[in-house]
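*Asks:* Can you keep this structure in mind? I'll have questions shortly.
The values are calculated or read from the model by the stated rules, or taken from the named source; none is laboratory data. Keep in mind that what you see is a predicted model, and the values were worked out from it rather than measured. Neighbour counts run over all protein chains shown; Cβ positions are idealised from the backbone, glycine included. These area figures cover heavy atoms from the full protein model, side chains too; ligands, DNA and RNA do not enter into them. Shrake-Rupley method; radii C 1.70, N 1.55, O 1.52, S 1.80 Å.
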Amino acid sequence: MFNSEKCIYTQDLIATIVVAFLSVIFILVSPFNETPLRIIFALVLIFFVPGYAFIAAMFPKKGEISGIERFTLSVGFSIAIAVFDGFAVSLTRWLFRPNSISISLFLITVVFAIIAYIARRRLHESEQFSFSLGEFIQS
């Protein structure tokens, strides 16, 4: 089932989880949520992070989609995920609040990042997607 090789390209998934966690900290924790960074981290959490983790899970191979397609799909799917997450959370007892939305988006991001890790691990090292800023700029 799993390849004997390790998943060696996990930097982008770890960075995604770290950014999502920092977003939750800057949105919810008292001394940090009074800074202008709260807005930046909230926008990144809503408009990029969950979609990137989802796209990483859907397209674990290198070369399946280009960097700009990956970015564009990440933004689009993040908006869709945030809308459906907000609707689902509004039906629960936690309602539509910053606490419930940011925590649920963080959990969704972690779940998709774990799925992406498992999907990449099933591939050979030479086929695994790896993020490169230079390749992204060139595409």
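*Asks:* Provide a single number: the residues in segment 29-47 that are open to solvent by 60 Å² or more (accessible area, probe 1.4 Å), part of a loop (DSSP other than H, G, I, E, B) and either closer than 18 Å to SER100 by Cα or small (Gly, Ala, Ser) (or both).
*Replies:* 1
*Asks:* Got a sec? Which of PHE26, PHE54 is of a type outside the set (A, V, I, L, M), open to solvent by less than 40 Å² (accessible area, probe 1.4 Å) and assigned to a helix (DSSP H, G or I)?
*Replies:* PHE26
*Asks:* Another question, if that's okay. Select from segment 15-65 the residues that are out of contact with any Leu (no Cβ under 9 Å at 6 or more places or on another chain) and within 21 Å of HIS124 (Cβ to Cβ) and list them in ascending order.
*Replies:* Result: ALA57, GLY63, GLU64.
*Asks:* Considering segment 89-105 alone, what residues qualify as being in a helix (DSSP H, G or I), open to solvent by 40 Å² or more (accessible area, probe 1.4 Å) and touching a helix residue (DSSP H, G or I) at 6+ places or on another chain (Cβ under 8 Å)?
*Replies:* Of all residues in segment 89-105, those in a helix (DSSP H, G or I) come to 89-90, 98-105.
Retained after the next criterion (residues that are open to solvent by 40 Å² or more (accessible area, probe 1.4 Å)): 90, 98-99, 103.
PRO98, ASN99, ILE103, listed by residue number.
*Asks:* Which residue pairs have Cβ atoms closer than 7 Å, lie 6 or more positions apart in sequence or on different chains, and pair a first residue in segment 53-65 that is under 11 Å from PHE77 (Cβ atoms) with a second residue that is small (Gly, Ala, Ser) and surrounded by fewer than 23 Cβ atoms within 10 Å (Cβ to Cβ)?
*Replies:* Close Cβ pairs satisfying both conditions: ILE55/SER74; ALA57/ALA119.
Residues are listed down the side, and each one gets a yes or a no for (1) over 18 Å from PHE129 (Cβ atoms); (2) of a type outside the set (A, V, I, L, M):
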position: ILE8; (1), (2): no, no
position: THR16; (1), (2): no, yes
position: LYS62; (1), (2): no, yes
position: ILE68; (1), (2): no, no
position: THR72; (1), (2): no, yes
position: PHE77; (1), (2): no, yes
position: VAL89; (1), (2): yes, no
position: LEU105; (1), (2): yes, no
position: VAL111; (1), (2): yes, no
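*Asks:* To continue, here is another question. Residues in segment 64-78 that are open to solvent by less than 70 Å² (accessible area, probe 1.4 Å) and not in a helix (DSSP H, G or I): how many? I'd like the intermediate steps shown before the answer.
*Replies:* Step one: filter segment 64-78 for residues open to solvent by less than 70 Å² (accessible area, probe 1.4 Å), giving 65-67, 70, 73-76, 78.
Still in the running and not in a helix (DSSP H, G or I): 65-66.
Summing the residues that are open to solvent by less than 70 Å² (accessible area, probe 1.4 Å) and not in a helix (DSSP H, G or I) in segment 64-78 gives 2.
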